[in-house]
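The values are calculated or read from the model by the stated rules, or taken from the named source; none is laboratory data. Source: prediction; values computed, not measured. Heads up, the Cβs are rebuilt from the backbone with ideal geometry, glycines too, and the neighbour counts pull from every protein chain shown. Please note that ligands, DNA and RNA were not included when accessible areas were found on the heavy atoms of the full protein model with its side chains. Shrake-Rupley method; radii C 1.70, N 1.55, O 1.52, S 1.80 Å.
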Amino acid sequence: MSEAEAKALVDLGRSVVERTIAGGADVAEVGVHSGSHLSVKARVGEAELVEEAGSRALGLRVMVGRRVASTYTSDLSDTGQRTLIEDALELARLSEPDEFAGPPDPSELSSESQWAELDTFDEGVSRISAEEALALALRGERAAFDFDPRITNSEGASFTRARGVSVLVTSGGFAGSDQGTYASVVINPIADDEDGKKRSGYHWSSSRHYADLEDSQAVGAEAARRTIAQLGAKKLPTQELPVVFDKDAARSILGLFAGCILGGAIWRRSSYLVDRVGTRVASELVDIVDDPLLPRAPGSRAFDGEGLLSRHNVIVEGGVLQTYLMDTYSARKLGLNSTCSASRSPAGGISTTTTNLILKANTQSRDQLIAETKHGLYVTGMMGFGFNAVTGDFSRGASGFLIQDGELSHPVSEVTISLNLDQLLQRIDAVADDLDHRTAIASPTFRVSSMTLAGA
Amino acid sequence: MTGRYHAPFAEHGSHTVDADIANRLLRIALEKGGDYADLFFEYSVSGSYVYDEQILKSARRAVSMGLGVRVMKGDATGYAYCENFSFDAMKQAAVTAAQIAAGGQPVAPLAVSMRDAPSRYPVEVESLDVDGELKKAILERADRAARASDSRVVRVDASFGESIREVLIANSRGHMAHDRQPLIRFGLHVIAEDAGNRQSGSSGGGGRMGLEYFDGQTPEWHAEQAVRQALVMLDAREAPAGEMDVVLAPGDSGILLHEAVGHGLEADFNRKKTSNYSGRVGEEVASTLCTVVDDASLEGSRGSINIDDEGQLPTRSVLIEGGVLKGYMQDRHSADFFETSSDGHGRRQSFRSHPMPRMTNTMLLGGQDAPEDIIRSVSRGVYAKKFGGGQVDISNGDFVFSLTEGYLIEDGKVTAPLKGVNLIGNGPDAMRNVVMLGHDFEVSDGSWTCGKEGQSVPVGVGCPTIKIASMTVGGTQVAGG
């Protein structure tokens, strides 16, 4: 994205803001999104898909008095823009005054001189051609087949690269643009298991910069290793036992927690963490932060969806909940201040979001952690949506390995693990050191002292 | 022409696409060779209204439009799209998609002509054309009814969604087809609190229809359902853990079938031999009680379509009959591979995505048993009434479902409500373990959305009361020694 292109998008945003105010709005906020991507997929040694396209869209949020409405269009023609503005004004007159609605005070808005350089854009990503991308995917899939003769089929190997720019212009005086790139490779081999069942596994790598992307052959080999390791998986008898979550499974637990600390869930009282700031919500081994300022990380950004300056937020320290994450609206509802955690959807709505939510690493290695677990379940994958945010009740399908005498034993599948999330986090009795920042929600491996496993 | 929102590419639109323009674009798409090409023009408008804290807090509308061009060479697909209908932009998308067949000789497409399509969702007045005040009034009624029904109700939010999706499809085999697909969705969510205990309940529905939906399922009826569920759950106890009999309530439980069996019968997984049902047509894959169909023709149902997103004409496909696997759900690509004709299951989320075999309304047909006899036959088990969602591993059929409302069955009677229940099992195993089927078949009114490879499409499900002998229930209470 050249400077000129970004400026053109800011100008477009500014023009829509001006026309909306002229049409009778008291507040107008415009997001302009522009991006392009290439996705390729190879399967069993052949090209399966090459997809390439660019897109642009406008999202408008207006207030007439304290009445809120928002509109979106991918039709950037004059007619399209006119409909966008007229519909927003019409809908705003239909909605009812909300005394808490409104943008942040203009004095709180950030400006360019304050924005951190987060290194989220790499020109090199866009230079990967469709041919190179296919070759990369094919090499990765080949590596998976070569890893073990029991890899007999494949759901494919994919490579995607994308670049995008988002612009926010508001009638309160904010104008800013944020650009980023992204590349990823995913490899999904299939193995035949003994009883006629098939086992599908996968591994992936993704990064902001092309140079940080893992080699596709290494990704393919790791995908194959994971797939083969699941062969011969069996159920376990129903029991209570310690559960070790590998970092992918741990991340998914942290994701459930993330949904329960957002301001919107708190004022709606639809989180089990209502009224819990200052109290113990996890074991003292647990520190959780939300950090939008990590260079090259997937969730990084210099300013939030309302134009406030991004900041590092400490959520849990020594197991004690320090704060919720809030945008301006939820902060007003709770009588607190925004944590600069607003997210603006392309369609114009504003909500609270995590950026890079991180459960901090401890010093012990993953292998040590397993070695000191006499009997337990090592979870590498979870299935289903068994979580109730209001009560914290958690029960999901799990697969992984039995831990016996400190070593990984046979693979396990078709079992569920259950425990209320509040208790689950309080029962964390070991945290490993294997944290990485591949994902916007990231955790090292951790162990929960006891959960219910339902199986045979 | 009535109504406010119309596709620019339709007749009388600003960029009308006729057979001539379609033929020119298809010729460009096949300029480098290629076995097949299609054009997918789409214009969609959606609106949503959220009623929260007793006010209409937000109102939204979105317009999305574009053309997706697909070119196929063997098993390889080239795909590109553009977001306006100027000829230059459309031509550029066709040129980009054509690259997949680079090096080949130009192929001439067959001249297109318009297909007649059925009319499965005739709507007199589309919701988007109705005054917003009427939708606000519906949400107000739901909110008021929920709040008035019980003092333990502490929060209510209600939402209404509406959309129109107009599509025009043309392909190099000479077919052109058009459809206009309305869809509405209502949802109500309540939280009840009692002595520090907090539970939620919800109810919702909709389909391919207008506001006449609420003549049948009134906002007050939904309020009653949502409040009842939240109050019941206030008394819920921890669920048992382990293997036991499970009885599925009619209607919503069809989602289990959708996940556990439906996905494995989508033809792409079988073409690639990655499904546990691959190569098993003609084999017994379920209890002989089971007949499973996917039926796109149910009037007004959320999953129904007049044409699929490849311009094919879907009807009612019998997938399993008396336990025997009859066939897969085909899109055009898989149908070519299996040397059969597409049965209209090619669907896509939008012009930004390529089509693949997808379900429409997937249903397990009713049996002979009285529902009360089915419950009576269980000495200890779980009665699954409302489902939250589920997930399946296509390669081996393993699935997990979570219940939002479930009960214990003790000595042939439905007793205590249970919280945090998950059902885990294997699709083919569960289908073989179907031992009783009720005569109370129902189509679910739920707003089900199916996700596959990142693409979401609306679907319908249906089934009677079903008894499955021995399934793993994932609760927290391990049976005492």
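Consider A:GLU86 against the criteria (1) in contact with a strand residue (DSSP E or B) (Cβ under 7 Å, 6 or more places away or on another chain); (2) open to solvent by 30 Å² or more (accessible area, probe 1.4 Å); (3) within 12 Å of another protein chain (Cβ to nearest Cβ); (4) in contact (Cβ under 8 Å) with a residue 40 or more places away in the chain: it satisfies all of them except one. Which criterion is unmet?
With respect to (1) in contact with a strand residue (DSSP E or B) (Cβ under 7 Å, 6 or more places away or on another chain); (2) open to solvent by 30 Å² or more (accessible area, probe 1.4 Å); (3) within 12 Å of another protein chain (Cβ to nearest Cβ); (4) in contact (Cβ under 8 Å) with a residue 40 or more places away in the chain, A:GLU86 is out only on (1).
Within the group B:VAL435, B:VAL414, which residue is touching a strand residue (DSSP E or B) at 6+ places or on another chain (Cβ under 7 Å), open to solvent by 50 Å² or more (accessible area, probe 1.4 Å) and touching a residue at least 40 places away in the same chain (Cβ under 8 Å)?
After ruling out the rest, the residue left standing is B:VAL435.
Go through segment A:341-376 and give me each residue that's within 24 Å of A:VAL277 (Cα to Cα), free of Cβ contacts under 8 Å to residues at least 40 places away in the same chain and not aliphatic (A, V, I, L, M).
A:SER343
Does A:SER34 satisfy being polar (S, T, N, Q), touching a strand residue (DSSP E or B) at 6+ places or on another chain (Cβ under 8 Å) and touching a residue at least 24 places away in the same chain (Cβ under 8 Å)?
Criteria met by A:SER34.
Listed residues B:TYR79, B:TYR49, B:TYR43; which is touching a Ser or Thr at 6+ places or on another chain (Cβ under 9 Å), in a strand (DSSP E or B), aromatic (Phe, Trp, Tyr) and open to solvent by 10 Å² or more (accessible area, probe 1.4 Å)?
Step by step, each of B:TYR79, B:TYR49, B:TYR43 is checked, and only B:TYR43 is touching a Ser or Thr at 6+ places or on another chain (Cβ under 9 Å), in a strand (DSSP E or B), aromatic (Phe, Trp, Tyr) and open to solvent by 10 Å² or more (accessible area, probe 1.4 Å).
Would it be correct to say that B:MET244 is under 30 Å from B:ILE394 (Cβ atoms) and modelled with pLDDT under 95?
Considered against the rule, which asks whether it is under 30 Å from B:ILE394 (Cβ atoms) and modelled with pLDDT under 95, B:MET244 comes out as yes.
When you look at B:LEU134, is it open to solvent by 60 Å² or more (accessible area, probe 1.4 Å), assigned by TED's automatic domain parsing to the domain that holds B:ILE28, over 26 Å from B:VAL457 (Cα atoms) and in contact with a Ser or Thr (Cβ under 7 Å, 6 or more places away or on another chain), yes or no?
So B:LEU134 does not fit the description; no.
With (1) closer than 18 Å to B:ARG120 by Cβ; (2) surrounded by 24 or more Cβ atoms within 10 Å (Cβ to Cβ) as the list, and B:ALA239 as the residue in question, which single condition is left unmet?
Of the numbered conditions (1) closer than 18 Å to B:ARG120 by Cβ; (2) surrounded by 24 or more Cβ atoms within 10 Å (Cβ to Cβ), the odd one out for B:ALA239 is (1).
Please determine, by comparing only the residues of segment B:351-384 that are of a type in the set (A, V, I, L, M, F, W, C), in a strand (DSSP E or B) and away from every other protein chain (no Cβ under 14 Å), which one is surrounded by the most Cβ atoms within 10 Å (Cβ to Cβ).
Per the stated criteria, the residue is B:LEU364.
Residues A:GLU48, A:GLU52: which one is at the interface with chain B (Cβ under 7 Å from one of its Cβ atoms), open to solvent by 20 Å² or more (accessible area, probe 1.4 Å), farther than 21 Å from A:SER166 by Cα and part of a strand (DSSP E or B)?
None of the other options fit; the residue is A:GLU48.
I'm checking my understanding of the structure. Among residues of segment A:55-76 that are facing chain B (nearest Cβ under 7 Å) and assigned to a loop (DSSP other than H, G, I, E, B), which one is least open to solvent (accessible area, probe 1.4 Å)?
A:SER74
With the condition kept exactly as written, say whether any residue in segment B:87-101 is in a helix (DSSP H, G or I), modelled with pLDDT of 95 or more, surrounded by 14 or more Cβ atoms within 10 Å (Cβ to Cβ) and among the basic types (Lys, Arg).
Yes, that holds for at least one residue.
Restricting attention to segment A:412-442, which residues are facing chain B (nearest Cβ under 9 Å) and not polar (S, T, N, Q)?
Within segment A:412-442, A:GLU414, A:VAL415, A:ILE417, A:LEU419 meet the criteria.
Report every pair of residues separated by at least 6 positions or lying on different chains whose Cβ atoms are under 9 Å apart, first residue within segment B:216-228 and without any contact (Cβ under 8 Å) to a residue 40 or more places away in the chain, second buried (at least 17 other Cβ atoms within 10 Å of the Cβ) and part of a helix (DSSP H, G or I).
Within 9 Å, the pairs are B:TRP221/B:ALA145; B:ARG228/B:SER149.
For residues that are under 28 Å from A:ARG268 (Cβ atoms), in contact with an Asp or Glu (Cβ under 8 Å, 6 or more places away or on another chain) and assigned to a strand (DSSP E or B), tally how many sit in segment A:361-396.
2
Anything in segment A:285-310 that is in a loop (DSSP other than H, G, I, E, B), within 18 Å of the chain's Cα centre (by Cα) and within 17 Å of A:GLY176 (Cα to Cα)? List them, or say none.
The answer is A:PRO292, A:LEU293, A:SER300, A:ARG301, A:ALA302, A:ASP304, A:GLY305, A:SER310.
Can you tell me how many residues in segment A:74-107 are of a type in the set (Ser, Thr, Tyr) and within 17 Å of A:TYR329 (Cα to Cα)?
Here the count works out to 2.
Among the residues of segment B:472-481, are any in contact (Cβ under 8 Å) with a residue 60 or more places away in the chain, of a type in the set (S, T, N, Q) and either closer than 28 Å to B:ARG347 by Cβ or buried (at least 20 other Cβ atoms within 10 Å of the Cβ) (or both)?
Yes, the conditions are met somewhere in segment B:472-481.
In segment A:342-386, which residues are within 14 Å of chain B (Cβ to nearest Cβ) and aromatic (Phe, Trp, Tyr)?
Scanning segment A:342-386 gives a single hit, A:PHE385.
Please report, ordered by residue number, the strands (runs of 3 or more DSSP E) entirely within segment B:403-481 with at least 3 residues that are away from chain A (no Cβ under 13 Å) and out of contact with any helix residue (DSSP H, G or I) (no Cβ under 9 Å at 6 or more places or on another chain).
B:455-463
Looking at B:PHE387 and the list (1) within 14 Å of chain A (Cβ to nearest Cβ); (2) in contact with a Pro (Cβ under 9 Å, 6 or more places away or on another chain); (3) open to solvent by 10 Å² or more (accessible area, probe 1.4 Å), which single condition is not satisfied?
Going through the list (1) within 14 Å of chain A (Cβ to nearest Cβ); (2) in contact with a Pro (Cβ under 9 Å, 6 or more places away or on another chain); (3) open to solvent by 10 Å² or more (accessible area, probe 1.4 Å), B:PHE387 breaks only (2).
For segment B:150-157, does any single residue satisfy the condition of being over 29 Å from the mean Cα position of the chain (by Cα), without any contact (Cβ under 8 Å) to a residue 60 or more places away in the chain and more than 14 Å from chain A (Cβ to nearest Cβ)?
Yes, there is a match, as at least one residue in segment B:150-157 is over 29 Å from the mean Cα position of the chain (by Cα), without any contact (Cβ under 8 Å) to a residue 60 or more places away in the chain and more than 14 Å from chain A (Cβ to nearest Cβ).
Which residues, counting only those in segment A:387-411, are away from every other protein chain (no Cβ under 14 Å) and aliphatic (A, V, I, L, M)?
Result: A:LEU402, A:ILE403, A:LEU408.
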